[in-house]
Structure formats: C-alpha cells, structure tokens
Amino acid sequence: MRKALREAMLRSLLRDRVQFVGEGYLHLRAWWRDAEILAALGPALAGLFEERPTVVAGSQSSGYMLGPLVAVHLKVGFAAVRKAEPGQVSALDSAPLRDGSVLALDRGAVGPGDRVLFVDDLVESGEQARAVRALVERAGASWIGAAVVVDMGEEEFADVRALISYDALR
C-alpha cells in the first residue's frame, strides 16, 4: 500500500476513534488500546522525515511507547529520555523545563555520528523537543527533528512534524 494512502487511513482512524474528556482534553490512551492504530503509528511517524536516524529518542511516558514502535520499524535502537527532579540526575545529562523539572538522557545513549529522531505523542509549546535537541547536540549527535502524533497548534516549528493537527480531530 502506498505511503500516502496508509497515512490517510491512519489519520481517518485517529479522527474516528478520538476521545475527549473534560474541557476538550485529548484522551490519547484510547488510541493506545487500538491495535490497528498502534501497528500504523511506527511506520507513519518514521515516515515524517526522509533522513534516516541511527537512534530514536522518546520522552517519558508516551514517548517510551511510541519511540520503540518507530525504532523497531526503522531497525535502530531507542534512547529513553526521562523526566526528573533536578537533584535526581547526577549521572545523566539534563536540560531544564519551565516547571522546574528536567529532561535527562543517559550519558552515552547518543553520541557523535548518531542521527536522532525524537518521537512523542503531541507537541504543544515545543519545550520538550527543544530540551531534547539540546541534549542531543551536547552529546555531539545530529538532530533530525521531532515526529509527533498530534500538533496542538500553539506554535510552529520547522523541525517538528505531526501526523494530524488537534483542530483536525475536533
């Protein structure tokens, strides 16, 4: 099946099976329960960028699920980026977030010569993607970009690509 057709089918599934709770809060876990959606997410997220990574990174918690789906599809490894309090990351390289927490990456998880694709469930402000990019570049690796399922539409970034926009789900 052609890539464009697969992507259109996935976007249709995402729209048909989306759930909102409360005041328009996107309930992503409903998608994670759907085997058809899970099977399509790895290839679709991997296809958002032409450049082939040597490693896929994902942040806690949805990135820990989505990242390996993409990594397995691309036949590369996965680097886990965890959220932590600043005092809990002495053995890790970290980048601060506005809420006072940090994103942390094991030293050696990525390094010179690596090309890193970051994967996450959604992008709002782009803060996490920028923090992971800083970690990747400090490690001497190359940043490909961030592949996300949903773009919440709050800001535009050249290096962030999404399968679907929040507005398209409404």
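Some notes on this structure:
- Among the residues of segment 130-152, the one identified as in contact with a strand residue (DSSP E or B) (Cβ under 9 Å, 6 or more places away or on another chain), in a loop (DSSP other than H, G, I, E, B) and over 21 Å from Ala46 (Cα atoms) is Ala139.
- Scan of segment 149-161 for residues that are crowded, with 20+ Cβ neighbours inside 10 Å and either hydroxyl-bearing (Ser, Thr, Tyr) or touching a residue at least 40 places away in the same chain (Cβ under 8 Å) (or both), ordered by number: Val149, Val150
- Any hit, segment 106-121, residues being outside any loop (DSSP other than H, G, I, E, B), without any contact (Cβ under 8 Å) to a residue 60 or more places away in the chain and more than 17 Å from Pro53 (Cα to Cα): yes
- Counted residues, segment 150-170 - those being of a type in the set (Val, Ile, Thr) and within 22 Å of Ala104 (Cα to Cα): 1
- Residues that are assigned to a helix (DSSP H, G or I), of a type in the set (D, E, K, R), modelled with pLDDT under 90 and farther than 21 Å from Phe49 by Cα within segment 1-35 comprise just one, Arg29.
- Here Ala104 passes the criteria (1) over 30 Å from Leu14 (Cα atoms); (2) surrounded by fewer than 20 Cβ atoms within 10 Å (Cβ to Cβ) except the one numbered (2).
- Complete set of residues in segment 36-66 that are part of a helix (DSSP H, G or I) and either of a type in the set (Gly, Ala, Ser) or buried (at least 20 other Cβ atoms within 10 Å of the Cβ) (or both): Ala39, Ala40, Leu41, Gly42, Ala44, Leu45, Ala46, Ser62, Gly63, Leu66
- Scanning segment 122-170 for residues that are farther than 16 Å from Leu26 by Cβ, charged (D, E, K, R) and more than 11 Å from the chain's Cα centre (by Cα) yields a count of 8.
The values are calculated or read from the model by the stated rules, or taken from the named source; none is laboratory data. Owing to the predicted nature of the structure, the values given are computational and were not obtained by experimental measurement. Here the Cβ is made from the backbone with ideal geometry for all residues, glycine too, and neighbour counts use every protein chain on show.
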